[in-house]
1. If we keep just the residues of the range 1-23 that are more than 13 Å from the ligand (Cβ to nearest atom) and assigned to a loop (DSSP other than H, G, I, E, B), which is modelled with the lowest pLDDT?
2. Testing F170 on (1) under 21 Å from the mean Cα position of the chain (by Cα); (2) under 22 Å from D228 (Cβ atoms); (3) aromatic (F, W, Y), one condition comes back false. Which one is that?
3. So, in the range 267-279, how many residues would count as being in contact with a Lys or Arg (Cβ under 9 Å, 6 or more places away or on another chain) and either aliphatic (A, V, I, L, M) or part of a strand (DSSP E or B) (or both)?
4. As an exercise: evaluate E89 against (1) surrounded by fewer than 14 Cβ atoms within 10 Å (Cβ to Cβ); (2) closer than 30 Å to P270 by Cβ and give the number of the one condition it does not meet.
5. Given (1) part of a loop (DSSP other than H, G, I, E, B); (2) within 16 Å of the ligand (Cβ to nearest atom); (3) at pLDDT 95 or above, where does L26 come up short, assuming only one miss?
6. Can you list the helices (runs of 4 or more DSSP H) found entirely within the range 280-326 that contain at least 2 residues being under 30 Å from F10 (Cβ atoms) and either in contact (Cβ under 8 Å) with a residue 60 or more places away in the chain or in contact with a Cys (Cβ under 9 Å, 6 or more places away or on another chain) (or both)?
7. Could you tell me which of the residues R108, R103 is surrounded by fewer than 19 Cβ atoms within 10 Å (Cβ to Cβ), within 17 Å of P183 (Cβ to Cβ) and not small (G, A, S)?
8. List the helices (runs of 4 or more DSSP H) that sit entirely inside the range 155-253 and contain at least 2 residues that are touching a residue at least 60 places away in the same chain (Cβ under 8 Å) and not acidic (D, E).
Amino acid sequence: MAGLYIHIPFCKQACHYCDFHFTVSLRHKASLIQAMFQEIKLQKDFFEDTEPLQSVYFGGGTPSLLQDSEIAQFLDLASQIFGIKSEAEITLEANPDDISLNRLKAWRGLGINRLSIGLQSFNDRVLQWTNRAHSADQSQNSVLWTQEAGFSNFSVDMIYGIPLLTRADFETDIAQFLTLKSPHISAYNLTIESGTYFGKQKKRGLLPVLSDSDDVWQMQYALQALQDGGYEQYEISNFAKKGFKAVHNSSYWHGAPYLGIGPSAHSYKPFVRYMNPANNRKYIESITQNQLFGIEEKLTAEDRINEYLLTRLRLASGVNLLELNAMGYDLKNQSAETLAAYLTEELLVLEGDVIKLTEAGKLQADRIVQDFFV
Ligand code: SF4
């Protein structure tokens, strides 16, 4: 069940909402990639069992900025050191402006069998406002070529909660997403983080604001349209046609071990979480000195319970109270009042020994889960 995450911290330009770890300078790309190869070798004993990898995920940043030879080297190394199952899911995040039919064919030849394409919106005003590096036409072509190149498994990213769009604009945007026939869609609410360009604009009062009612309307409209379009919302932000749930993310949500390579990457194995420095220079320096991980955090019993709640409540399969009991948290008794209140408000349902968010509960998932934390 083990997974490998490879963080490529480079982008062509900074999207105004993004607070991931990346740089737009490619000056140290070669030395950083070499350090990442070295990190994979140093981590040869990370996994406790010897089962080959079930998933490899190139995330970022923008992994489609990698040369094909670099992708090949990552996969060769991973295969030599950990082994990769023949049926493993191997995902590359790609931006539409990096996608061409030739590149798609090359990626398939290298063993990439799933793409996650950063479309975000089909509205050119939104793409320019968020400083995306592509146009709506490029988005459309990138998906057509993905299908033409023979990728049956791919996902597209969509953002909602966008202040520039009228309700009619948003309906048009969603309709365009549905015409793509993508087997998987990840839909995210636009959040404004303080360190981003939008965060600074907000602080200065210069950022257009979406009213709360329009924000909720966009979310509900998107969720309903995707469900009507045949997608199962198997996690709050993730929608899949039958047979296309993401293996890599699903293992992560179910507590499987994963190793993260590269600056800012996180890793996990029972019951320790590790974090690499989110700084390219410090990362290269420490790997050059054969030092792994900036931070190592042993999870307490409470951490494990809270982590379980945080991931499971977001899943359609919900929180299993018997599993929680086995971890030492009798939620039905210890949080009886909170549970009763949410059941009465119809934000949660109790099905046997499983609690799940209702449609209304999904809009308040963050608040609800925090109320159950130990
Ligand atoms: S391309 Fe992706 S990682 Fe890079 S700045 Fe934009 S959203 Fe962030």
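1. From the range 1-23, those more than 13 Å from the ligand (Cβ to nearest atom) are 1-6; that's our starting set.
With assigned to a loop (DSSP other than H, G, I, E, B) added as a condition, the list becomes 1-2.
Working: M1: 74, A2: 95.
The residue in question is M1.
2. Going through (1) under 21 Å from the mean Cα position of the chain (by Cα); (2) under 22 Å from D228 (Cβ atoms); (3) aromatic (F, W, Y) one by one, F170 breaks only (1).
3. 3
4. Looking at each condition in turn, E89 falls short on (1).
5. Here L26 clears every test but (3).
6. Values: elements: 280-288, 301-312, 321-326.
Correct list: 280-288.
7. Working: R103 fails: within 17 Å of P183 (Cβ to Cβ).
Step by step, each of R108, R103 is checked, and only R108 is surrounded by fewer than 19 Cβ atoms within 10 Å (Cβ to Cβ), within 17 Å of P183 (Cβ to Cβ) and not small (G, A, S).
8. Working: elements: 167-179, 197-203, 212-228, 247-253.
Counting at least 2 such residues, we get 197-203, 212-228, 247-253.
The values are calculated or read from the model by the stated rules, or taken from the named source; none is laboratory data. Here the structure is a predicted model, which is why all the values come from computation and not from measurement. All Cβ positions, even for glycine, are placed from backbone atoms using ideal geometry, and neighbour counts span all protein chains on display.
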